[in-house]
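Report on one structure; see the data block that follows.
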Amino acid sequence: MFKTNEYFDGKVKSIAFQSEKGPATIGAMKAGEYEFGTSTIEYMTVTTGEMEVQLPGEIAWNTYKPFETFIVAKNVKFKVKVKGDTSYLCLYK
């Protein structure tokens with residue numbers, strides 16, 4: 001069975017599943033700015049739209065487009081800005 005998650009008053013939603021590479025979520029975000037926390041290493045791949053991401057300890061924001069991946073360490077917070085509806089795949093390690 002799939003598990004669904006909802007964050008930020010419904011502006012971010014995801015469905016958790018078991019992929020061939022391990023636990024994963026596929027999700028979507030409405031336009032906005034968000035701060036997420038991690039409990040494992042996350043491999044985040046944009047599938048549609050664009051994400052501006054500020055990783056922990058960095059001053060610069062990096063833009064990720066469809067099929068580009070960034071990695072976030074465990075037990076940290078990172079910031080995301082999206083200008084329009086954006087979808088992603090997240091693999092947990």
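Only the coordinates and a few stated rules stand behind these numbers; no lab work does. Note that the structure is predicted; figures quoted are calculated from it, not measured. Note: ideal-geometry Cβ built from the backbone for every residue, glycine included; neighbour counts use all protein chains shown.
Since only Gln18, Gly57, Phe78 are under comparison, the one whose Cα sits farthest along the positive direction of the charge dipole of region 3-92, derived from C-beta charges on Lys, Arg, Asp and Glu, is Gln18. Cβ-to-Cβ counts within 10 Å put Glu42, Glu35, Glu50 in ascending order as Glu35, Glu50, Glu42, the fewest first.
With a simple spin-label model that places each label point 7 Å from the Cα along the Cα-to-Cβ direction, the separation between Trp61 and Glu20 comes to 3.7 nm.
Nothing charged except the Cβ atoms of Lys and Arg (+1) and of Asp and Glu (-1): what's the magnitude of the dipole of the chain about its Cα centre? Round to the nearest 20 debye.
Details: 12 positive and 11 negative charges, 30 e Å.
That gives the chain a dipole magnitude of about 140 debye.
Going by the alpha-carbon gyration tensor, a ≥ b ≥ c the square roots of its eigenvalues, is region 51-93 rounded (a/c under 1.5) or, if a/c is not under 1.5, prolate (a/b greater than b/c) versus oblate? Oblate, since a/c reaches 1.5 and b/c is not below a/b. Working from Cα pairs under 8 Å separated by at least six residues, relative contact order for the chain is 35 percent.
Computed FRET efficiency, Cβ-Cβ of Phe8 and Lys93, R0 22 Å: what is it to the nearest 0.05? Write out the running numbers ahead of the final one.
Numbers: r = 24 Å, r/R0 = 1.10.
Efficiency for this residue pair is about 0.35.
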